[in-house]
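Worksheet: one structure, shown below.
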Amino acid sequence: MSATTPDAPSLAKPAPAGANGTPLLEVRHVSKYFGGVIALADISMDVHAGEVMCLLGDNGAGKSTLIKVFSGVHKPSDGQFLIEGQEVSFASPRDALAAGIATVYQDLAMIPLMSISRNFFLGAEPTVGWGPFRRFDVARADRITRDELAKMGIHLRDTDQPVGTLSGGERQSVAIARAVYFGAKVLILDEPTAALGVKEAGVVLRYIAQARARGLGVIFITHNVHHAYPIGDRFTLLNRGRSYGTFRKDEVSREEVVGMMAGGEELEELSHELEEFAHTDRQASTGLASASRDMGRDAADLRPSS
Ligand SMILES: Nc1ncnc2c1ncn2[C@@H]1O[C@H](COP(=O)(O)OP(=O)(O)OP(=O)(O)O)[C@@H](O)[C@H]1O
Ligand SMILES: [Mg+2]
């Protein structure tokens, strides 16, 4: 990343369809322990240029821990970490950023009262003038911000408006455009759609697709299969620090992914419990009985249809 050459960002070239080459990022048999807590156990996964890899799992599955390994926050306790086939050991998030790994966290590092273009260039501001007369090059920052966002299909009314006036989805989109512009090869998004409504989530999913089309490898972390399934090329499922495996979209249905994540058996158990309550509590019995029937039906739907 450089403040002096923002006109020529280096972008990874899209890999051929199918992306069979060397992965941009790969972990092999990675484990992470926090004292006695096993946050990750023997995880292997990779992401190629031009694909969206979804990392799915319930609360505490280890998703954030794994991306913190990717982004240089945690060192793995065990296993290998490779960038474009070369083994690496990051000492800090700065090393990961220098290697082209950009992470967009849900609580975006943006300043709401500053303009969109100021936020776009936060920490890498283009300047004009020299010595004591050096100042933020507003016109250039505005132009680049407008152009880069337009390339992602975002057409702003005014790049001078404070970021705080943007919706959650638009803010995520600006963060994605920023990572692409500054030459990220791998874009990691930790739950970018968690706090968004259906329409807003759709907007963010579209920009994820744009980043993929521009040749980035995207790691998309989410709880929500309905957000992951339409956009994902492959899915890695984590459960209590272990991997259920990685599946290509043509290998699993949406229902199977939901089933593996939520555990169809757990829903079934819950439906039996509600039935019991319905027997013991006459007043609430009608409502609970119908809820238990609904759950039983959902659990049946979730069972893989093999
Ligand atoms: N710094 C830490 N020290 C101790 N334990 C930790 C630390 N970070 C994570 N853990 C533990 O590791 C496990 C995995 O946590 P992680 O945050 O990776 O889960 P997650 O899949 O991101 O969950 P969520 O969906 O709730 O964000 C949890 O049991 C958590 O308590
Ligand atoms: Mg998390």
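Name the residue that is nearest to ligand 2 (Cβ to nearest atom), counting only residues in segment 212-224 that are surrounded by 22 or more Cβ atoms within 10 Å (Cβ to Cβ) and aliphatic (A, V, I, L, M).
Residues of segment 212-224 surrounded by 22 or more Cβ atoms within 10 Å (Cβ to Cβ): 216-222.
From the residues that got through so far, the ones that are aliphatic (A, V, I, L, M) too are 216, 218-219, 221.
Numbers: Leu216: 22, Val218: 17, Ile219: 13, Ile221: 7 Å.
Going through the qualifying residues, I end up with Ile221.
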- Return the pairs, sorted by first residue and then second, in which the second residue is surrounded by 23 or more Cβ atoms within 10 Å (Cβ to Cβ), the first residue lies in segment 39-60 and is of a type in the set (Asp, Glu), the beta carbons are less than 7 Å apart, and the residues are 6+ apart or on different chains. Asp46/Leu25; Glu51/Gly217
- Item | Conditions (1) away from ligand 1 (no atom under 16 Å from the Cβ); (2) at positive phi; number of the one not met by Ala139 | (2)
- Item | Close pairs from segment 220-231: first assigned by TED's automatic domain parsing to the domain that holds Ser64, partner away from ligand 1 (no atom under 16 Å from the Cβ) and assigned to a strand (DSSP E or B), Cβ under 7 Å, at least 6 apart | Phe220/Val52; Ile231/Val52
- Query: Are there any pairs, at least 6 apart or on different chains, whose C-beta atoms fall under 6 Å, with the first in segment 61-86 and over 18 Å from Leu187 (Cα atoms) and the second charged (D, E, K, R) and assigned to a strand (DSSP E or B), and if so, which?
  - Reply: Pro76/Lys32; Ser77/Lys32; Gly79/Arg28; Gln80/Arg28; Gln80/Glu87
- Positions within segment 88-114 being crowded, with 19+ Cβ neighbours inside 10 Å and polar (S, T, N, Q), in sequence order: Thr103
- Query: Is it true that some residue in segment 54-70 is more than 16 Å from ligand 1 (Cβ to nearest atom) and either β-branched (Val, Ile, Thr) or not in a strand (DSSP E or B) (or both)?
  - Reply: no
- Note on the structure: Restricting attention to segment 33-53, the residues that are over 20 Å from the mean Cα position of the chain (by Cα) and part of a strand (DSSP E or B) number exactly 6
- Task: Output the qualifying pairs, or none if there are none: Cβ atoms under 6 angstrom, residues six or more apart or on different chains, first residue in segment 185-208 and farther than 11 Å from Tyr105 by Cα and assigned by TED's automatic domain parsing to the domain that holds Cys54, second residue within 16 Å of ligand 2 (Cβ to nearest atom) and part of a loop (DSSP other than H, G, I, E, B).
- Result: Ala201/Thr193; Val204/Pro192; Val204/Thr193
- Task: Among residues belonging to segment 72-87 that are on the phi > 0 side of the Ramachandran plot and in a loop (DSSP other than H, G, I, E, B), point out the one that is surrounded by the most Cβ atoms within 10 Å (Cβ to Cβ).
- Result: Gly72
- Only residues that are under 20 Å from Gly50 (Cβ atoms) and surrounded by fewer than 22 Cβ atoms within 10 Å (Cβ to Cβ): list them for segment 153-178, please. Gly153
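Among Thr145, Thr165, which is of a type in the set (S, T, N, Q) and modelled with pLDDT of 85 or more?
On the way: Thr165 fails: modelled with pLDDT of 85 or more.
Within the list Thr145, Thr165, the selection yields Thr145.
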- Message: Consider segment 183-211. How many of its residues are surrounded by 15 or more Cβ atoms within 10 Å (Cβ to Cβ) and either of a type in the set (Val, Ile, Thr) or touching a strand residue (DSSP E or B) at 6+ places or on another chain (Cβ under 7 Å) (or both)?
- Response: 14
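The values are calculated or read from the model by the stated rules, or taken from the named source; none is laboratory data. Everything numeric in this text was worked out from a predicted model, so none of it was measured. Glycine also receives a Cβ, built like all others from the backbone with ideal geometry; neighbour counts cover every protein chain displayed.
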